[in-house]
Structure formats: structure tokens, C-alpha cells
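Input: a single structure, listed below in C-alpha cells.
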Amino acid sequence: MVIFSVYVVNKAGGLIYQYDNYVPRAEAEKTFSFPLDLVLKHHDEKVIVSFGQRDGIRVGHAVLSINGVDVMGKNTGEGKDILEYLRDANNYPVSIRFGRARLSSNEKLMLASMFHSLFAIGSQLSPDVGSSGIEMLETDVFKLHCFQTLTGIKFIVLADPRQSGIDTLLRKIYEIYSDFALKNPFYSLEMPIRCELFDQNLKGALEVAEKAGNFGAGS
Amino acid sequence: MSRQSNRTTDSKKMNSELFTLTYGALVTQLCKDYENDEEVNKQLDKMGYNIGVRLIEDFLARSSIGRCQDFRETADVIAKVAFKMYLGVTPSVTNWSPAGDEFSLILENNPLVDFVELPDNHNTLIYSNLLCGVLRGALEMVKSTLF
């Protein structure tokens, strides 16, 4: 029972805080010999599998590391282009780790702004005036809970679908924000939150919520 | 509303005299620095504004009050909930204008001005102008009705 991540979005739709708490996803590391039977391609500054799904390596998985060295975008750790490197028979046998790519901070910023826009559309589509906006987005793997304060700040929590008590958690995160971020005179409003006390207390609140959620679902 | 156990700060009591003295020191220092009552009033308002924009979130997080439906409800919430929560006093809401868009908050006992007497040479000084700024800042943060 896990809370995957927490996002805080300001009035203008910009992401001001982001915390990831998830368990690492499935990754597969395999040793390959020339020629590589997977088809790889460039996508969004990453190298991903486009054909040849097998053994836990799925289409869409990104190359995470080669021979134990983490890759940097399209290049290996040493700066060589990955596709060039893998076309050269002299570099084989090579051990490559594939997995679902983590979101970069730019991608998270874009997704947060997109959610902010969807939220606005959601409130306006409402048949009744004064809708609260999107409160929950449910998929089979996670549930996204959103709480917008009267001042326009949105707290978004991604959690396991069976996790309970997220509403209390959202209110608690609001309290922690009003304490450790706002009462810090050196923190400017609407700017990214870089307060250690906020981080610490947020992690504490997530732990409490995860434990409480376990009791709730077990009974 | 469920309050978790690590919210100890609201049970810490502070000596109200220290608070009055702190505010008094602030105002007198401003008077010395600016030497002009109008300027001091402006500075107090600015400071109050900065406090208000942060205080509103604390107020909303702790009181879980929803959006007020009209101005009268706003006046009631300010007087009965907000002032009570932060200063421990409940001002009275009076003097409504005929159009219903202006009212007065009368503070019977204002903790900021305990023991304070304004001298004659500061008769345009609004001593508690910080509170006006706080109200201005707080209300400005919740006025948008876009969503």
C-alpha cells in the first residue's frame, strides 16, 4: 500500500513541489551478443525499444544503463551515441538494462501544467456552478487525488487504488504547507518550495498515512 | 477535523504582553525611521499585507471553512472565526452601508494596543494598521472565482 508521489501546483499552474516515493518498477538486465535482436530508436532524448519485446523487456522501455554505467539521454555514460555503440560488433557482448524511464523534471513540469488546465476545464464543464474541480482520477494502477484550496493551490497525491485516508492526507499536507513553507519568511509565495522542514514533515505524514491506510483496507 | 499529534504549536501559549511589546517596538522604530505618520501607516499596511497572504492559508487549513456565499457571511467569518482564532477577541460587525458593501469591525479590546496611548504629535498615525493590511492580504488571496 503505497503513496507514489506528491505534487504541489501553484495558482498559475506551475509545479512548485514534487516528491516521489515509489517502489522501483520492473527492470530487466540482459547480456546481448551481436547482432542485437531488439530494434531501438530515439524518442524524446532517450533510446527506447520499438520492436522485439521479450523476457521482460517491453516496447517503450528505455535503455537505463550499459555494462553497469548509467546512460545520459541518447549517449552512453562515456558520451558515445548509444545506437552507434550498439552497431559496432567490437563492443559485444554487452549488458544492457531496460526499464520504464523515469520522468524528467521538465516532463513533470509540463504534466503539472497540463493537469492544471484540465482541472480548469473540468470545473467549467460542470453542469452546476461552483464545482470543486477534478477530485480524483482513477486508473487500474493508481488513483490521483487532487485538492484545490480556496487560494488556488493544488495538492495532488498519486497513490495505490486501495489506499484509504487520502483526503485526510491532503488536508494534512495543506497544514504542513501552511506551516513550514508559508511561515518561513524566506520562502516567496508561488515559488518552488525548497524548505527542509517541509520535506521532513511531508515524509512523516506520508508514512503515517500509509500505515493508517493499511489498517483501513485490512479490516 | 482530525488534528495529528505533531501540531503542538497551537497549544503553546505566548505571553500577550510580549506580543504587545513587540508590536509597540515595531511601530516606534518605524516612526523613528520614517518620521512621517502617513509613511508609517503605509509600511504597516504593507507588512500586514505580507502577513495576510500567508496567514490565510493557515486559517483555511485549520478551520476548513468553505467559500463564503455572500459578503455578510464573510464579515461573520472574519469576526467570529478568524479574529477569535488569532487574537482571541471577537469584534462586533456593525455600521452596514445601505448597499451592503461596507461594514465596520469594532474591537472592544485589541491586544495590540494594551497599555498604549497615542501622543499628540502622532494624531494621524493608525496604530493598528497592520490588522488592516492582514485583512487586505488575506481577502485578496481568496477573491478569485475563476474555478
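Quick notes on this one:
- At the listed q of 0.13, 0.16 Å⁻¹, the Debye profile of chain A, built from one uniform point per Cα, gives log10 I(q)/I(0) equal to -0.88, -1.08.
- The share of Cα pairs per 10 Å bin across the stretch A:1-83, counted from zero up to the longest distance, runs 15, 35, 28, 17, 4, 0 percent.
- Square roots of five times the Cα gyration tensor eigenvalues for the protein assembly as shown, Å: 54, 23, 19
- Rounded to the nearest 500, the helix-only mean residue ellipticity at 222 nm of chain A stands at -9000 deg cm²/dmol, with each DSSP H run of n ≥ 4 adding -39,500 (n - 2.57).
- All aspartates and glutamates inside 15 Å of A:LYS80 as judged from Cα atoms, apart from same-chain residues fewer than 8 positions distant: A:GLU45, A:ASP70, A:ASP88
- Among the GluC sites (Glu not before Pro) in the stretch A:113-191, those placed in a DSSP loop whose Cβ has at most 14 other Cβ atoms within 10 Å are A:GLU190.
- Karplus-based coupling profile of the stretch A:103-117, in residue order and whole Hz: 6, 7, 5, 5, 5, 5, 4, 5, 5, 5, 5, 5, 5, 4, 5, with θ = phi - 60° in 6.51 cos²θ - 1.76 cosθ + 1.60 and x standing for Gly or Pro.
- The stretch A:110-219, relative contact order in percent, only Cα pairs under 8 angstrom and at least six apart counted: 18
- Estimated Rh, the stretch A:91-219: Kirkwood, alpha-carbon pairs, angstrom: 17.2
- FRET efficiency for the pair A:THR31 and A:SER126, taken as 1/(1 + (r/R0)^6) with r the Cβ-Cβ distance and R0 = 51 Å, rounds to 0.40.
- Over the stretch A:27-99, relative contact order from alpha-carbon pairs under 8 Å, at least 6 apart, %: 40
- Lys/Arg +1, Asp/Glu -1 at C-beta; the stretch A:27-99 dipole; positive extreme among A:PHE51, A:HIS61, A:PHE34: A:PHE51
- For chain B, the 222 nm mean residue ellipticity estimated from helices alone, with every DSSP H stretch of n ≥ 4 adding -39500 (n - 2.57) and the total spread over all residues, rounds to -15500 deg cm²/dmol.
- Once the mean of 1/r is taken over each pair of separate Cα atoms and inverted, chain B shows a Kirkwood hydrodynamic radius of 17.0 Å.
- Too-long pairs where the Cα-Cα distance tops 31 Å, listed order kept, from A:LYS108/B:LYS84; A:LYS41/A:LYS211; A:LYS74/A:LYS183; B:LYS42/B:LYS80: A:LYS108/B:LYS84; A:LYS41/A:LYS211; A:LYS74/A:LYS183
- Contact order for chain A, expressed relative to its length and based on alpha carbon pairs under 8 Å spaced 6+ residues apart, stands at 23 percent.
- Of the chymotrypsin sites (Phe, Trp or Tyr not before Pro) found in the stretch A:123-219, those in coil by DSSP whose Cβ has at most 12 other Cβ atoms within 10 Å are A:PHE186.
Each reported figure results from applying straightforward, stated rules to the coordinates on display, with no laboratory input. Keep in mind that this is a model prediction, so the values were computed, not measured. Note: ideal-geometry Cβ built from the backbone for every residue, glycine included; neighbour counts use all protein chains shown.
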